[in-house]
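Below is one structure, written out as structure tokens; comments come after it.
The values are calculated or read from the model by the stated rules, or taken from the named source; none is laboratory data. If you're wondering where the values come from, they're calculated on a predicted model, not measured in any experiment. Cβ coordinates were reconstructed from backbone atoms using ideal geometry, including for glycine residues, and neighbour counts include every protein chain displayed.
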């Protein structure tokens, strides 16, 4: 692997991380603002269709980034460091946030007292939420990502061992086109079958991160074709949403199209960001540095803030433009507030704050 200068080498990937967080926050903000305004989720509404097409499945961006960074940077540090960092800075914050979110939800069970019944209920609820990522609607991705970390040595073996294992590795990259993920929007819970879907993007990232400069030069030659493929996937997604098409046989066709769309857009965005060199967008860099607390906290923040913000700005006539404007306002708030909390925690607890806040 060619040696790279980390400063110029990683800035565009870090900016893409910030972009991914921003997309996830905006997508959730629009959905929650809509539900709070209209007291329902109308999947046929053009605003929600556009929101879904643009911002659903953006966790694939995270997965792709993780695969790229493993091959490009983390593998060189060894598996001991890799798993140590995932345990300290992903798993422990996940445990902390799940614990806090379970406590927040427990306030509604006022018929409980601090007793053995309460303790048993809490422990069962905490363990279930921890395993399935049900502490909040954004947490389902964390146990899935931890599964990807566990199988990373296997994927790396497939990538490097011989031609047969590389063929299996290649099949894994394309497997999400047939083995689509089960939709999480209904239950927001971890499903083991979704590991295969996200493993495709993770494997692609690992392949991409191996000699990334050469891969980027090759992709640059086909950027127009890739952009067209992403746009076509978006058009097909719009057709599926308008006509209520979700499954074709055993395949969740929307999820397969999302996989194509998000991979294509990832390539285009990374190529654009890489061209900027060290002149990366400051906003994306700032969000990227606080990516973990923003991701962990934005779900609860949206649920708590949406009714307050909407009540403060409520007008006699509510239209979709107002919903979108308030969604932008909510997005700003649920980024600023977690960043402020993380900054305060870092000042109080120093570097140890990363093990429970995430930054």
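For the range 196-206, the set of residues classified as buried (at least 19 other Cβ atoms within 10 Å of the Cβ) and either closer than 17 Å to residue 76 by Cβ or without any contact (Cβ under 8 Å) to a residue 40 or more places away in the chain (or both) consists of 205, 206, listed by residue number. Please work out if residue 42 is at pLDDT below 90 and either under 30 Å from residue 234 (Cβ atoms) or crowded, with 19+ Cβ neighbours inside 10 Å (or both). So residue 42 fits the description; yes. Does residue 294 satisfy being within 29 Å of residue 46 (Cα to Cα) and at pLDDT below 90? Considered against the rule, which asks whether it is within 29 Å of residue 46 (Cα to Cα) and at pLDDT below 90, residue 294 comes out as no. The single condition among (1) in a helix (DSSP H, G or I); (2) farther than 30 Å from residue 124 by Cβ that residue 180 does not satisfy is (1). The set of residues in the range 231-253 that are in a helix (DSSP H, G or I), surrounded by fewer than 19 Cβ atoms within 10 Å (Cβ to Cβ) and free of Cβ contacts under 8 Å to residues at least 60 places away in the same chain comprises 231, 232, 235, 236, 239, 240. Just checking, does the range 109-118 include any residue being over 18 Å from residue 299 (Cα atoms), at pLDDT 90 or above, part of a helix (DSSP H, G or I) and touching a helix residue (DSSP H, G or I) at 6+ places or on another chain (Cβ under 9 Å)? Among the residues of the range 109-118, not one is over 18 Å from residue 299 (Cα atoms), at pLDDT 90 or above, part of a helix (DSSP H, G or I) and touching a helix residue (DSSP H, G or I) at 6+ places or on another chain (Cβ under 9 Å), which makes the answer no.
With the structure loaded, tell me whether residue 227 is surrounded by 21 or more Cβ atoms within 10 Å (Cβ to Cβ), over 19 Å from residue 63 (Cα atoms) and over 16 Å from the mean Cα position of the chain (by Cα) or whether it fails that test. For residue 227, the condition - surrounded by 21 or more Cβ atoms within 10 Å (Cβ to Cβ), over 19 Å from residue 63 (Cα atoms) and over 16 Å from the mean Cα position of the chain (by Cα) - is not met. Residue under question is residue 92, and the condition is that it be at pLDDT 95 or above, closer than 19 Å to residue 355 by Cβ and loosely packed, with under 15 Cβ neighbours inside 10 Å; does it hold? Answer is no for this residue.
Evaluate the following for residue 222: is it surrounded by fewer than 15 Cβ atoms within 10 Å (Cβ to Cβ) and at pLDDT 90 or above? Considered against the rule, which asks whether it is surrounded by fewer than 15 Cβ atoms within 10 Å (Cβ to Cβ) and at pLDDT 90 or above, residue 222 comes out as yes.
With 20, 57 as the choices, which residue is modelled with pLDDT of 90 or more, within 23 Å of residue 146 (Cα to Cα), assigned to a loop (DSSP other than H, G, I, E, B) and in contact with a helix residue (DSSP H, G or I) (Cβ under 6 Å, 6 or more places away or on another chain)?
57
The residue that is surrounded by the fewest Cβ atoms within 10 Å (Cβ to Cβ), among those in the range 119-138 that are in contact with a helix residue (DSSP H, G or I) (Cβ under 8 Å, 6 or more places away or on another chain) and either in a helix (DSSP H, G or I) or modelled with pLDDT of 95 or more (or both), is 131.
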